[in-house]
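The values are calculated or read from the model by the stated rules, or taken from the named source; none is laboratory data. All figures in this text were calculated on a predicted structure; none of them were measured in a lab. Here the Cβ is made from the backbone with ideal geometry for all residues, glycine too, and neighbour counts use every protein chain on show.
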Amino acid sequence: MSREIVLPSVMSEICSGKIRGVDNMVIDVPTLIMFYGKEECSLCAISHLYDDLSGFQKINDVMGCKVIILFSLTTVEEVLDVPSHIKDLNFPFPVYIDEFGEFYRQNKDFPSDRRFHSFLVDADGHPVFIGNPLSSEKLWEVFENTLSKIIIR
C-alpha cells in the first residue's frame, strides 16, 4: 500500500462500442481501479461488467470518485480477442486496455491474489483501500468512509 500505482503510458479506451487511444493518463483525483490481469479470465470478467455498471456509475457520478476499469493483456490471443469483445458488448462506461502488459512492468510488486486487484488510490496514486466495494455491504461502508476522508468537496 505504500507504493504509488502507475498507469500504463499508452492505453485504449473502449466506451459504447467506440475505441480511442489514451496517452499518459495520470491519477490526480481519488480513483477506484478495477484491475483485470493475467490471474483472471478476461472474457469471464467482460461478461460480468454489466453486473457492476450501476455501482461504477454511482461511484463515478454521485460520489465524485473516478473509476478505472483496466484490463492488462499479456498474450497475443488476449490482444486479439479482448478489445473486440468489449467493443461488441457496447458497455456504456469507459474500459481501458493495456495491450502491452505495461501495468505489470510499472508496478513490479503488484500482488497476484485477485482480492487485491480492486483498490482505491488517493490523488497521489497511493492505495488507501483494497477490495471491491461492490462485493459486500461491509466493504461498501469501509470504502465510503475511506473515500469521505480523502475527497475534497
Residues that are small (Gly, Ala, Ser), surrounded by 18 or more Cβ atoms within 10 Å (Cβ to Cβ) and under 12 Å from residue 27 (Cβ atoms), drawn from segment 122-153: none
Candidates 60, 90, filtered to the one that is within 21 Å of residue 121 (Cα to Cα) and surrounded by fewer than 18 Cβ atoms within 10 Å (Cβ to Cβ): 60
Members of segment 93-109 found to be of a type in the set (S, T, N, Q) and crowded, with 17+ Cβ neighbours inside 10 Å, listed by number: 107
Those residues of segment 125-150 which are without any contact (Cβ under 8 Å) to a residue 60 or more places away in the chain and of a type in the set (Val, Ile, Thr), in sequence order: 142, 146
Members of segment 18-29 that are modelled with pLDDT under 95 and more than 13 Å from residue 98 (Cα to Cα): 26, 27, 28, 29
Residue tally, condition more than 21 Å from residue 114 (Cα to Cα), of a type in the set (A, V, I, L, M) and part of a loop (DSSP other than H, G, I, E, B), over segment 46-98: 1
Residue list for segment 27-41, restricted to those being within 13 Å of the chain's Cα centre (by Cα) and either assigned to a helix (DSSP H, G or I) or over 21 Å from residue 88 (Cβ atoms) (or both): 27, 30, 31, 32, 33, 35, 37
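Is there a residue in segment 110-121 that is among the hydrophobic types (A, V, I, L, M, F, W, C), within 20 Å of residue 43 (Cβ to Cβ) and surrounded by 15 or more Cβ atoms within 10 Å (Cβ to Cβ)? Can you show your working first?
Of the residues in segment 110-121, the ones among the hydrophobic types (A, V, I, L, M, F, W, C) are 110, 116, 119-121.
If we keep only those that are within 20 Å of residue 43 (Cβ to Cβ) too, we end up with none.
No, that holds for no residue.
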Sole exception among (1) in a helix (DSSP H, G or I); (2) under 20 Å from residue 6 (Cα atoms); (3) touching a Gly at 6+ places or on another chain (Cβ under 8 Å) for residue 105, by number: (3)
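Answer yes if at least one residue in segment 38-47 is under 29 Å from residue 151 (Cβ atoms), surrounded by fewer than 13 Cβ atoms within 10 Å (Cβ to Cβ) and not acidic (Asp, Glu), and no otherwise.
From segment 38-47, those under 29 Å from residue 151 (Cβ atoms) are 40, 45; that's our starting set.
The next check asks that each one be surrounded by fewer than 13 Cβ atoms within 10 Å (Cβ to Cβ); those that pass are none.
No - not one qualifying residue is present in segment 38-47.
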Pairs with Cβ under 6 Å, 6+ apart, first in segment 37-61 and closer than 17 Å to residue 73 by Cα, second among the small types (Gly, Ala, Ser) and at pLDDT below 90: 39/112
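Quick check, is residue 122 touching a strand residue (DSSP E or B) at 6+ places or on another chain (Cβ under 8 Å), within 19 Å of residue 61 (Cα to Cα) and in contact (Cβ under 8 Å) with a residue 12 or more places away in the chain?
Details: touching a strand residue (DSSP E or B) at 6+ places or on another chain (Cβ under 8 Å): yes; within 19 Å of residue 61 (Cα to Cα): yes; in contact (Cβ under 8 Å) with a residue 12 or more places away in the chain: yes.
Yes: the conditions hold for residue 122.
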